[in-house]
Amino acid sequence: MKRGFYTIMAAQFFSSLADNALLIAAIALLIETAAPDWMKPLLKLFFTISYVVLAPFVGAFADAMPKGRVMFVTNAIKIVGCLLMFFTVHPLLAYAVVGFGAAAYSPAKYGILTELLPPERLVAANGWIEGTTVGSIILGTVVGGALINPSVSDVLLTFDVPGLDTGIDTPAEAAILIIAVLYAIAALFNLRIPDTGARYPHQQAHPVRLLVDFARCVKVLWCDRLGQVSLAVTTLFWGAGATLQFIVLDWARTALGMPLDKAAILQGVVAVGIALGAVGAARLVPLKGSLRVLPVGVGMGLLVPLMTLVSSETAAWPLLVLIGALAGFFVVPMNALLQHRGHVLMSAGHSIAVQNFNENLNILLMLGLYALLIRLGLHINWIVLLFGLFVASTMLLVIGRHNANQREFDSVTLIGEPRH
């Protein structure tokens, strides 16, 4: 890998680390203010909505300047959102600002890979990026849980600056200040990302033209035989993954009697599995063979309902690692294939924006449904069962669509062959 790739990995690691630690701190802030339980999944929903609303515009923004500079600017927006939680801004709104920065950050983060590396290195690069991201999720959830732990937060709250009233009086506020420092470290790495030299035609600035161009890009990717399958899989994965974050927290509290700071560790356990699966896919699955991993997604969905049979933390760990490993193994090749098809069919920034739009629209839908089920009082075990069956059945539909595409392609080929 080129040296600049490792700088991108470091920037992504610290930025994602802060994102995931901030989610735990924001949940703690909601608990401190006695917010209702159904509001917790809305944190991720408010974070995600920017990905959907800004999708037509962030691709052009990412392609308008060197992507390292884009990552620096958007990371600065995340810092602003983080600090807003100190100024009596509701956690949902403050986390939405962080999501605004993340939505503009993502096309640059993934788009630069297609500029920096040849297609045959994309699966390996995605394996490393996803492994790094998952590592940051693991450490981020652990750091977030540790910062709100009474033994740690009590120490943080004893620090005082003479003559200055910081207004930091609760464990969640102390955690948020530390997390802002993590964003600042990510910004320093952003400044070191090299300019790849890739330049795109002058980007549209008129909102209507941007919307029309974005709609065209969405249509192109969904109509492409390989693009539609990989896009469907990654869309399902990210929607399911975001929902699983909150399912694990609520399940750990209900089934295992674990408090938030301990339940956050189980989120990290799932992420360990994803990292193992991602690294395995990077080593074993070439780009040309990426579609062979589709049945693994069905297996992941069928494993999830087994969570309802678990009653101890010891039994939970291996099951959650296995669920995560299957998820990482099937999504990394799909992500690489989607990036390659998007780069071939349109520009890097635009293709990632289309991907983000679809994936995060599904996150909004699945989190909204999850919040509704919690609001209606459905037991967490029923939610886990429905979740697993939904993932497995959707993956079967995707496999069916891919097989139909293959038969159609073979028919067209046969029709076009000359007679002998």
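The values are calculated or read from the model by the stated rules, or taken from the named source; none is laboratory data. It should be emphasised that the depicted structure is a prediction, and the values quoted were computed from it without experimental measurement. Every residue, glycine as well, gets a Cβ built from its backbone with ideal geometry; the counts of neighbours run over all protein chains shown.
Data for the structure
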item: Some residue of the stretch 230-245 being more than 14 Å from the chain's Cα centre (by Cα) and farther than 23 Å from Q355 by Cβ; result: no
item: Residue match in the stretch 135-142 (condition: at pLDDT below 75 and touching a Phe, Trp or Tyr at 6+ places or on another chain (Cβ under 9 Å)); result: yes
item: Hits in the stretch 262-283 (condition: more than 21 Å from the chain's Cα centre (by Cα) and either surrounded by 21 or more Cβ atoms within 10 Å (Cβ to Cβ) or farther than 19 Å from G144 by Cα (or both)); result: R283
item: Members of the stretch 9-31 found to be among the small types (G, A, S) and within 17 Å of D261 (Cβ to Cβ), listed by number; result: A21, A25, A26, A28
item: Wholly within the stretch 149-242, helices (runs of 4 or more DSSP H) carrying at least 2 residues that are buried (at least 18 other Cβ atoms within 10 Å of the Cβ) and modelled with pLDDT of 85 or more; result: 171-190, 207-223
item: Members of the stretch 284-301 that are closer than 9 Å to V391 by Cα and surrounded by fewer than 20 Cβ atoms within 10 Å (Cβ to Cβ); result: V298
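Quick grid of which residues meet (1) surrounded by 19 or more Cβ atoms within 10 Å (Cβ to Cβ); (2) among the polar types (S, T, N, Q); (3) part of a helix (DSSP H, G or I); (4) over 18 Å from the mean Cα position of the chain (by Cα):
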site	(1), (2), (3), (4)
L319	no, no, yes, yes
I323	yes, no, yes, no
L326	yes, no, yes, no
Q339	yes, yes, yes, no
V344	no, no, yes, yes
V354	yes, no, yes, no
N362	yes, yes, yes, no
